[in-house]
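The structure under discussion appears below in the form of structure tokens.
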Amino acid sequence: MMCGITGTPGTGKSTVADELARRGYRVVHITDIVQPYVQGKDPDRDTQIIDTDRMGDEFVHFDGFVEGHFAHLLPCDKIVVLRLRPDTLAARLSARGYSKEKIRENRDAEALDVCLIETVEEYEPDEIFELDTTGKTPAACADAIEQFYRGEIPASFGTLDWSAFAGVSS
């Protein structure tokens, strides 16, 4: 079974995936395989343009976890959407050196559930697990993801409401 780990940049995807890899799971980071699908750069948004349709069509299914901002666009059996309180996310992205505009864009995307909404459009409700990573260790997040992966805890999403953080100045 292949389980995707998706979410807004800065929510903890890579860190949690690395913890799962340390536990013996096979993990593929989208950043390691995306280069053939890059079609250019959008200078207005300071981001790469990715052919996600082609990437999804060509992606080879495997047992384990695929991690990245576009994981919900791949043919996963289950999907985990990592979430992080938008003010905490903004601070994390600032510490990484993101521009104010990119921090605002990602903070607002998180506040408005963009990754979750995209995931709900692609997957059945019993295939989606939304996990709030705010204040949790990577080990605790990996524990919850493992339990979902093994079917020990049910799918669950739609309980977080961070809309009050949308449009708040950085």
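Only the coordinates and a few stated rules stand behind these numbers; no lab work does. Note that the coordinates shown come from a computational prediction; the quantities given were computed from them, not determined experimentally. Methodologically, a virtual Cβ is constructed for each residue, glycine included, from the backbone with ideal geometry; neighbour enumeration extends over all protein chains shown.
Report the net charge of residues surrounding Asp132, where surrounding means a beta-carbon distance below 15 angstrom and charges are Lys +1, Arg +1, Asp -1, Glu -1. If you can, show how the numbers build up before the last one.
Numbers: positive: Lys13, Arg83, Arg85, Arg92, Lys136; negative: Asp87, Glu110, Asp113, Glu130, Asp143, Asp161.
Taking every other residue near Asp132 into account, the sum is -1.
Where does each of Arg26, Arg107 land when they are ranked from fewest to most other beta-carbon atoms within 10 angstrom?
Values: Arg26 12, Arg107 30.
Going from sparsest to densest Cβ surroundings: Arg26, Arg107.
I'd like the distance between the alpha-carbon centres of the stretch 63-86 and the stretch 118-170, rounded to an integer number of Å.
Computed from Cα coordinates, the inter-centre distance equals 10 Å.
Would you grab the residues whose amide H sits under 5 Å from the one on Val28? Only those 5+ places off in sequence or on another chain, please, with H modelled 1.01 Å from N.
Answer set, sorted by chain and number: Phe65, Val66, Glu67.
Pull up all non-local amide H partners of Met2: gap of 5 or more, or a different chain, and H-to-H distance under 5 Å with H placed in the peptide plane.
Gly64, Asp77, Lys78
For Ala111, what is the net charge nearby, where nearby means another residue's Cβ is under 14 Å from its Cβ and Lys, Arg count +1, Asp, Glu -1? Numbers along the way, then the final one.
Values: positive: Arg83, Arg85, Arg104, Arg107; negative: Asp87, Glu105, Asp108, Glu110, Asp113, Asp132, Asp161.
Cβ neighbours under 14 Å give a net charge of -3.
Quick one: which residues, 5 or more positions from Asp132 or on another chain, have an amide H under 5 Å from its amide H? H modelled 1.01 Å from N in the peptide plane, none for Pro or chain starts.
Arg83
Give the order of Ser156, Ser94 when sorted by the count of other beta carbons within 10 angstrom, beginning with the fewest. Write down the numbers at each step before the final one.
Working: Ser156 13, Ser94 16.
The fewest-first ordering by Cβ neighbours comes to Ser156, Ser94.
What is the Rg over Rh value, at two decimals, for the stretch 2-163, using alpha-carbon atoms and the Kirkwood definition of Rh? Spell out each step's value before the answer.
Details: Rg = 15.0 Å, Rh = 16.0 Å.
Rounded to two decimals, Rg over Rh is 0.94.
From the residues Gln35, Gly158, Phe59, which one has its Cα farthest along the dipole of the chain in the positive direction, the dipole being from +1 and -1 charges on Cβ of Lys/Arg and Asp/Glu about the Cα centre?
Going by the Cα projections, it comes out as Gln35.
Using only alpha carbon pairs under 8 Å that are at least six residues apart, calculate the relative contact order of the stretch 2-163 and give it in whole percent.
On the way: 259 pairs, mean separation 48.2, N = 162.
The value is 30 percent.
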